[in-house]
Each structure stands twice: as C-alpha cells, then as structure tokens.
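All of the numbers you see were taken from the coordinates with simple rules; none came from a lab. Bear in mind the structure is a predicted one, so any value in this text is a computation, not a measurement. We place every Cβ from the backbone using ideal geometry, glycine too, and count neighbours over all the protein chains shown.
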Amino acid sequence: MIKVAVLGYGTVGSGVVEVIEKNKELINKRSAAELEVKYILDLRDFPGDPYESKLVHDVNIIMEDEEISIVCETMGGVGAAYKFTKMALESGKSVCTSNKELVAKYGPELLQIAKAHSCNYLFEASVGGGIPIIRPINTALTAEKIEAITGILNGTTNYILSKMEKEGADFEDVLKEAQEKGYAERNPEADVEGHDACRKIAILSSLMLGKTVDSEKIYTEGITKITAADFVYAKAMGRSIKLFGMSRNTENETWAMVSPFMISNENPLYMVSGVFNAICVRGNMLGDSMYYGRGAGKLPTASAVVGDVVDCARNQGKTLPCLWDAEEAVLSDIGEVERSFFIRVKADALDDVKAAFPGGEVIAVDGRAEDKGYVTVALKEKEFAAKCEALGDAVLNRIRMGE
Ligand code: HSE
C-alpha cells in the first residue's frame, strides 16, 4: 500500500482525489501497488464532503507520518507551497505538483533536494495542464538536441484571441464576457500580460538547455494591446494572432520570449483554438513534434499530477533523471533576433512607414479609411523598435510575424 497526501483541496487537489478514486483499478495496476489518499491538507473545512474524514489542517501530521511516501502539492504560490515541498522532500517523500510558479522559481533546488533524499520532484502538470510535455522532453526526446520550442501555453488568452477572431470583438469586451462566464480570473493579469506563459516557457527552456532560465529575464508581452482591427488585417493575410511562449537554442542564438505572433495558416499551431494548448518541439534529428490538448481544468491537470504519482510509486527509493542545473543559462540579446513585423499605422502615415521600412508590403483591406497595414522585411528587433519609436503615435500597433 502506498499512501498519498494532497496539499490544497482546491480545483486541482480535489481533481487529484477524484482521478485516484475513479481510475483506482487501472492506477493500482500501473503502480504495481495499491494507492490510497490518506490525508488532504487545507485550511478550510468541507462539511459533507465524501473525503471530509481525510482533512487535516496541520501539515506536520503529514510530514511526520512515515506511511506517506508521495505528496501532491496543488496549493499554488511560492510561500507555504515552497516550505511544505522542501519539508516533504527532505523527509524522503516524493512531491508531484501542478505549481508552475514554484517550479519556475525553485525547480533546480527542489530537484537537488529530491536527489539527495532518493525521492522525486515531478511537475508534469505545471506546463500544458494535462498535455504530456515534461515527460516527453525528459524521456522520449533524450536523443535530440532540442533547437526550438514554440507553444500556446495559456488557455485564457487563447480563448480570448480565438473569440476576438471569430466575433470581430475587442479585447476588453471578450475579457469581460470571459470573466462573467468564469473562463478568465477576476484578476486576469497573470494570464493576459503573459506572466503565466512566461513561467511555463521558462520551465520548458530550462529543460531544453539543462540550465536555469530565469523567468524574470524573459522578454514578456501579453495580449492587452491586440485589437479587432489587427484581426481584420490578419484575416486579409490568411493569418491568425496567437500568444506564443517561444525559445530557441541554435548555433547562433539562445533565447526565450513571450509575445503575440501573427502566424500563417500553415503553422500547425494555427488550428489550436479556444482553451486548448499545444506545444511544438523541434529536435535536430526528429524535426517537429507537437503535443496538443487541455492545458488547464480540474481533471486534465489532476490527471497529469496522478500520472506523476504513478511514476513515483513505480520508482520508490529511486530518483528519476531530470537534467536541470541551477547554473543560469546565458541568453542572447533578443534585440539581435531578426524577423519581420506587421505594423498598423494611421492612414496618412503610410508613406513615412514605407520610407522607414523599405521593401515591405502594404496590406490592403477594402473600406478601411482609418488605418493601413504594412509588413516589413526581416530586420533586427532593436532596429525595428528604434524606427517605430521615431514614427511616434503614427504606429497604432505592431505584431511580430511568425512562420
Ligand atoms: N490560467 C492558466 C491558463 C491555467 O489559462 O492556461 C493553467 O495554467
């Protein structure tokens, strides 16, 4: 019998208990042992809940119980979650988590503690919710030099952008509606400003490089400036606008960023709509592979946590390899990256824009008197930024062009 504790009985935590209960037989077979949730830690009481008897309010009950060998941390945040994760690992209890903020900030330290105590710190659910992506990188793709990761890593923003595209609506209106329906948080900043995607691409980039990519040093731009007008031009070009978490590791450049991109309908990420997430990984032998599915939600995320629990159960007393050193990865200057850009400008400024960015293409859309669209030839990010600044408020918006 393997006894499990769940820290945090919120959406994901209650999902973990539900998945373990619903798929009990299969999970026990695959774990080669019987799994049982012995404790659920939460500050709140849940009168009438079927698992009420397992609720505890004192974390020490869990940490001091030698029967507990696996802990699921589904609390979120980097305060108590960090402290409790360390306590568990230092007592030789494996920890499985969905907490991307904690993994992005303390991943290598917690992996090191797990290794020193012959247990595991697993975090499949921290990126892409239920989509297997951490395990493929750590196991199936170990023969590859991963050169590129490009992902739609946030369901809230993908839902908002998809709806803006479909309905010709503006950001603020769609956000408000999404909040009313519970699809977006009441405080949506972490999602719409790109911070959530940033933590996720920091984790993926760290695994790609085997060193730590500091999320605070990743250039991050959200979707708050995208307008219905931008989608009119995207549509005219057969393109869509998606928020990408992206990183590259080639001979010439190593970088990571989060930004909206205007992508062609031939990009496999073009068809990823609504709350879905997808991640494209390019290896130097395999080429592209893509991982698609539900990036959030109770049961998909809980399924990934429980998948990690099964791995811990199968590997008791043994630490699974995960190459992620504390040493900080040196990233190249994003300003040196070359790409082309879409610019939407005031109609009377089109000639100035053509002069500033020679050789580009005017994007014609019938019936638009107020603005014009233009796509530049490829140039360095820093040159583009300087020229845009010189054009001042003639530039209504600019969006990076993607493949
Ligand atoms: N807020 C996140 C999203 C939840 O919208 O994708 C999953 O990390």
Cβ neighbours within 10 Å, averaged per peptide: list 44-55, 375-386 in order, most packed at the top. 375-386, 44-55
Once a ≥ b ≥ c are taken as the square roots of the eigenvalues of the Cα gyration tensor of the chain, is the result rounded (a/c under 1.5), prolate (a/b larger than b/c) or oblate (a/b not larger than b/c)? prolate
Distance check, please: which entries in LYS86/LYS217; LYS100/LYS382; LYS346/LYS387; LYS24/LYS54; LYS163/LYS235; LYS100/LYS211 exceed 20 angstrom between their Cα atoms? LYS86/LYS217; LYS100/LYS382
antiparallel share of DSSP beta bridges within the chain, to nearest 5, in %, is 65 percent
Could you please state, rounded to a whole Å, how far the C-alpha centre of region 189-219 is from the C-alpha centre of region 320-398? 22 Å
Please work out whether region 124-224 counts as rounded, prolate or oblate from its C-alpha gyration tensor, where a ≥ b ≥ c are the square roots of the eigenvalues and a/c under 1.5 means rounded, while otherwise a/b larger than b/c means prolate and anything else oblate? prolate
Kindly state, to the nearest 0.05, the FRET efficiency for ASN284 paired with GLU370, given R0 = 41 Å and r defined as their beta-carbon distance. 0.35
Taking the dipole about the Cα centre of the chain, with the C-beta of Lys and Arg at +1 and of Asp and Glu at -1, give me whichever of VAL353, VAL16, GLY194 is farthest to the positive side. VAL16
Checked region 136-294 against the a/c 1.5 cut and the a/b vs b/c comparison, axes a ≥ b ≥ c from its Cα gyration tensor; verdict prolate
Going by how many other beta carbons lie within 10 Å of each one, how would you line up VAL6, VAL306, VAL59, fewest first? VAL59, VAL306, VAL6
Rounded to the nearest 20 debye, dipole of the chain from Cβ charges on Lys, Arg, Asp, Glu: 760 debye
Roughly what would the spin-label model give for TYR51 and GLN179, points 7 Å off Cα along C-beta, in nm? 3.1 nm
Tell me what the chain gives for mean residue ellipticity at 222 nm when only DSSP H runs of n ≥ 4 count, each as -39,500 (n - 2.57), the sum divided by the residue total, rounded to 500 deg cm²/dmol. -10500 deg cm²/dmol
